[in-house]
Amino acid sequence: MNDVATQTLATIEHFINGAPSAGTSARTQPVYNPATGAVTAQLRLANQVDLDATVAAARNAADSWGETSLAKRTTVLFKFRELVAAHVDELAVLITAEHGKVLSDAKGEIGRGLEVIEFACGIPQLLKGEYSDQASTGIDVFSFREPVGVVAGITPFNFPVMVPLWMCPIAIATGNAFILKPSERDPSPAMLLAKLWTEAGLPDGVFQVLHGGKETVDGLLTHPDVDAISFVGSTPIAQYVHETATAHGKRVQALGGAKNHAIVMPDADLDNAADHLAAAAFGSAGERCMAISVAVAVGDAADLLVKKVEERALAVKVDNGTAPGAEMGPVITPASKERIVRIVTEAEAAGAAMVVDGRDLVVPGHEDGFWVGPTVIDYVNAEMTAYTEEIFGPVLVVVRVEDLDAGIKLINANPYGNGTAIFTSSGANARKFQRSVDVGMIGINVPLPVPVAYHSFGGWKNSLFGDKHIYGPEGVSFYTRGKVITSRWPEPAHASGASYNFPSN
Ligand code: NAD
């Protein structure tokens, strides 16, 4: 991109204290459309001055927003819900232009985000607290929860609307100010969310967007006026975020990467399993933290299953996400494409069998896009990088095992524990599986078991650092802290004198 062309591009600014803001930094970085390979905008990157200004605005806003009545907060939440629902098409276009996923899939992620806003609309019910009347003679004990204060949300590229909406509706409904640090790869949807929050009547400074990379993240993790961090991204960064922010006294939930296995039993409906496996492996070009990336084919299921998945993989329509009928878009960057191709090539060299090879895919009319076609690799073993690494591309590896016990053992030996699934027609197999796997979210004939908004989302092992899962009841708990009040209102005639013993009931 030459300088003249760069100058004509729009700059995506921060959203600080109720308005778009260029801040004080001149630094920018390009934003791409992965389907065309073209630079579409420049993204403003924050410096320390911008970060301090954003946190100060949040601190100030948190004090008054936390005092705002539940009735008024809920009114804003309902209005925000209506506005997001009315802007689904506009948000989806922004997602597709910077992420590359197809428009229908982009709308799907907005739908899951809307569910969390709807859950947060019921916040008065969730914050009711508890009351013990006459816990001791003349003494009542009650508890309630207060906002933690200033929350920073640091989010990944793969769900630029849904993941921020896993966090901010609940953080805001519970009375906090929220600073979103979106992915640098697809920052535009966050700006529309900021505009919609403002239109919904949210006071300035309660929801802000600050753009940047590692420096900005580090600034948030260590800032004395940030109270809590919600992070979603890759495992090494999640671990780093958790360690750094907890060392600076913050409450942290840091969700990491995944390697999700689906066991397919010989008793499963193999057509159904193949449909779901293909959709869960290739949807969104495999760039989902809940994507199925390992098919664990048990016994006799393997040959037929691989044949059926092959047919489906070859039929996937890969195109620009805006093209009618497109089912899968590009991957996010050229570096991501190179890494995926390298891992597939290593698996082939190590003796795995290429069933469908998407490495050389070119989409006519979009020769500069970042394309990898659906890829299926059979006879993968647990030593190959295609198995040990999160590929985060449209690649399904097949590992063949003897029986269900071997499949469960494989899953439990894996360092990730985000999601997993089993395809079976046996209740006994399903029950054994759900009770034995060390994984946070489990699907029974459901490939992407993303919990509904009134349950919470979270993996085990290297897929989550911290104690609380995200959204749902655990989200409410994460964004609030408890107070317990022990109260006595003695009538003057009954007031007792001082007692120096430890109080007993
Ligand atoms: P990433 O870890 O590269 O980036 C996530 C965020 O961290 C971004 O905002 C980025 O700016 C920031 N960041 C990147 N490098 C950093 C560094 N060195 N120091 C501080 N901050 C840094 O992740 P990504 O590539 O954007 O997203 C894909 C990853 O996210 C995958 O591993 C996927 O499994 C994971 N993910 C997990 C979940 C989940 O719920 N567990 C959900 C979505 C995505």
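Okay, here's what the table says:
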{"item": "Any hit, region 111-127, residues being aromatic (Phe, Trp, Tyr) and more than 30 Å from Asn505 (Cα to Cα)", "result": "yes"}
{"item": "Unmet requirement for Val450, which otherwise passes all of (1) under 25 Å from Asp267 (Cα atoms); (2) buried (at least 20 other Cβ atoms within 10 Å of the Cβ); (3) within 16 Å of the ligand (Cβ to nearest atom)", "result": "(2)"}
{"item": "Search result, residues across region 357-400 that are assigned to a loop (DSSP other than H, G, I, E, B) and of a type in the set (Gly, Ala, Ser)", "result": "Gly358, Gly365, Gly369, Gly373, Ala382, Gly393"}
{"item": "Asp186 of a type outside the set (A, V, I, L, M, F, W, C), under 24 Å from Pro34 (Cα atoms) and assigned to a loop (DSSP other than H, G, I, E, B)", "result": "yes"}
{"item": "Unique residue being open to solvent by 40 Å² or more (accessible area, probe 1.4 Å) and farther than 26 Å from Thr322 by Cα when the list is Thr68, Thr75", "result": "Thr75"}
{"item": "Output for region 241-255, where each listed residue is more than 6 Å from the ligand (Cβ to nearest atom) and either under 24 Å from Asp186 (Cα atoms) or in contact with a helix residue (DSSP H, G or I) (Cβ under 6 Å, 6 or more places away or on another chain) (or both)", "result": "Val241, His242, Thr244, Ala245, His248, Val252, Gln253, Ala254"}
{"item": "Wholly within region 87-164, helices (runs of 4 or more DSSP H) carrying at least 1 residues that are away from the ligand (no atom under 15 Å from the Cβ), in contact with a strand residue (DSSP E or B) (Cβ under 8 Å, 6 or more places away or on another chain) and not basic (Lys, Arg)", "result": "88-99"}
{"item": "Residue among Ala493, Ala428, Ala406 that is modelled with pLDDT under 95, hydrophobic (A, V, I, L, M, F, W, C) and in a helix (DSSP H, G or I)", "result": "Ala493"}
{"item": "Lone qualifier among Leu192, Leu210, Leu202 - being away from the ligand (no atom under 16 Å from the Cβ) and closer than 22 Å to Ser64 by Cβ", "result": "Leu202"}
{"item": "Filtered residues of region 387-409 (kept if open to solvent by less than 30 Å² (accessible area, probe 1.4 Å) and closer than 27 Å to Asn158 by Cα)", "result": "Tyr387, Ile391, Gly393, Pro394, Val395, Leu396, Val397, Val398, Val399"}
{"item": "Residue in region 266-278 that is polar (S, T, N, Q) and open to solvent by 10 Å² or more (accessible area, probe 1.4 Å) present", "result": "yes"}
{"item": "Leading residue by the ranking (nearest to Ala62 (Cα to Cα)) among those in region 165-183 that are assigned to a loop (DSSP other than H, G, I, E, B) and within 10 Å of the ligand (Cβ to nearest atom)", "result": "Pro182"}
{"item": "Residue in region 217-239 that is within 17 Å of the chain's Cα centre (by Cα), among the hydroxyl-bearing types (Ser, Thr, Tyr), within 23 Å of Val148 (Cα to Cα) and within 11 Å of the ligand (Cβ to nearest atom) present", "result": "yes"}
{"item": "Hits in region 418-439 (condition: within 16 Å of the ligand (Cβ to nearest atom) and either open to solvent by 30 Å² or more (accessible area, probe 1.4 Å) or free of Cβ contacts under 8 Å to residues at least 12 places away in the same chain (or both))", "result": "Asp438"}
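The values are calculated or read from the model by the stated rules, or taken from the named source; none is laboratory data. Note that the structure is predicted; figures quoted are calculated from it, not measured. Cβ: placed from backbone, ideal geometry, glycine included. Neighbour counts: every protein chain shown. The accessibility values were calculated without ligands, DNA or RNA, using every heavy atom of the protein model including side chains. Shrake-Rupley method; radii C 1.70, N 1.55, O 1.52, S 1.80 Å.
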